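Engineer: My questions will all concern the structure given below.
The values are calculated or read from the model by the stated rules, or taken from the named source; none is laboratory data. Since the model is a prediction, treat every value here as computed from it, not as a measurement. Note: ideal-geometry Cβ built from the backbone for every residue, glycine included; neighbour counts use all protein chains shown. These area figures cover heavy atoms from the full protein model, side chains too; ligands, DNA and RNA do not enter into them. Shrake-Rupley method; radii C 1.70, N 1.55, O 1.52, S 1.80 Å.
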Amino acid sequence: MTRVVAAGIAVFALTIAASAMALDPGARAPELGLRDLQGNQVTIASLRGRVVVVDFWASWCEPCADSMPVYQRLYNQYRERGLTIVGISQDQRVDNARQFASRHHLSFPVLFDEGHAIANRYRPSRMPTSYVIDRGGIVRHVHAGYRSGDGDRLEREVVALLGQPSR
């Protein structure tokens, strides 16, 4: 077997393994349990009854930067109806997370995931990856990556969940 074929098989196997481990729709949202950049404790339990978008990003990720105006607009527009967005930085340094949040004027909670404890629970497949969680704490939608037009689909999902009662 050539090295190229062997490498291809290895990548395929890793992809299958990663997707088998990924957090899928229908799963209970894992705990967050960290303080945001302002020092406030953020837990899934404290957000129960709200629709939550948990978004994993990094300051070096261009699609992550492209998605932030969409998340901030959704947060501004729907937070009074029960939406919370939680941004989770995967940066190596908290200063990078703070600068990114400041540069993008983020007013929703931003957590610095030092050691990737939260990422290990959610297992995002790429940057950015977001998880749309219903009022009962169940993951309903997963978005891996970000492309132009994804904001419209995300907004439709959020609005539909906001219209559903708490369970």
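Engineer: For the stretch 11-32, enumerate the residues that are surrounded by 13 or more Cβ atoms within 10 Å (Cβ to Cβ), at pLDDT below 95 and out of contact with any strand residue (DSSP E or B) (no Cβ under 8 Å at 6 or more places or on another chain).
Structural biologist: Once the filter is applied, which keeps residues that are surrounded by 13 or more Cβ atoms within 10 Å (Cβ to Cβ), at pLDDT below 95 and out of contact with any strand residue (DSSP E or B) (no Cβ under 8 Å at 6 or more places or on another chain), the stretch 11-32 yields nothing.
Engineer: Report the residue count in the stretch 115-142 for those that are of a type in the set (S, T, Y) and open to solvent by 40 Å² or more (accessible area, probe 1.4 Å).
Structural biologist: Residues in the stretch 115-142 being of a type in the set (S, T, Y) and open to solvent by 40 Å² or more (accessible area, probe 1.4 Å): 1 in total.
To keep it simple, each residue is scored yes or no on (1) within 16 Å of P69 (Cα to Cα); (2) of a type in the set (V, I, T).
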| position | (1), (2) |
| --- | --- |
| F108 | yes, no |
| A119 | no, no |
| T129 | yes, yes |
| S148 | yes, no |
| D152 | yes, no |
| Q164 | no, no |
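Engineer: Here is a further query. So in the stretch 149-167, with the set limited to residues that are without any contact (Cβ under 8 Å) to a residue 40 or more places away in the chain and not in a helix (DSSP H, G or I), which one is farthest from E80 (Cα to Cα)?
Structural biologist: Out of the qualifying residues, it is G149.
Engineer: G87 - would you say it is open to solvent by less than 50 Å² (accessible area, probe 1.4 Å) and free of Cβ contacts under 8 Å to residues at least 60 places away in the same chain?
Structural biologist: Spelling it out, G87 is indeed open to solvent by less than 50 Å² (accessible area, probe 1.4 Å) and free of Cβ contacts under 8 Å to residues at least 60 places away in the same chain.
Engineer: I've got another one for you. Of the residues S125, S130, which single one is of a type in the set (S, T, N, Q), touching a residue at least 12 places away in the same chain (Cβ under 8 Å), closer than 21 Å to G26 by Cβ and touching a His at 6+ places or on another chain (Cβ under 8 Å)? First the steps, then the outcome.
Structural biologist: On the way: S125 fails: touching a His at 6+ places or on another chain (Cβ under 8 Å).
Exactly one residue qualifies, and that residue is S130.
Engineer: Can you confirm whether the stretch 57-67 contains a residue that is more than 20 Å from P124 (Cβ to Cβ), out of contact with any helix residue (DSSP H, G or I) (no Cβ under 9 Å at 6 or more places or on another chain), open to solvent by 30 Å² or more (accessible area, probe 1.4 Å) and at pLDDT 95 or above?
Structural biologist: Checking the stretch 57-67: not a single residue is more than 20 Å from P124 (Cβ to Cβ), out of contact with any helix residue (DSSP H, G or I) (no Cβ under 9 Å at 6 or more places or on another chain), open to solvent by 30 Å² or more (accessible area, probe 1.4 Å) and at pLDDT 95 or above.
Engineer: While we're on this one: For F112, are the conditions met, namely being under 26 Å from R153 (Cα atoms), in contact with a helix residue (DSSP H, G or I) (Cβ under 7 Å, 6 or more places away or on another chain) and surrounded by 15 or more Cβ atoms within 10 Å (Cβ to Cβ)?
Structural biologist: When the stated conditions are applied, F112 does not pass them.
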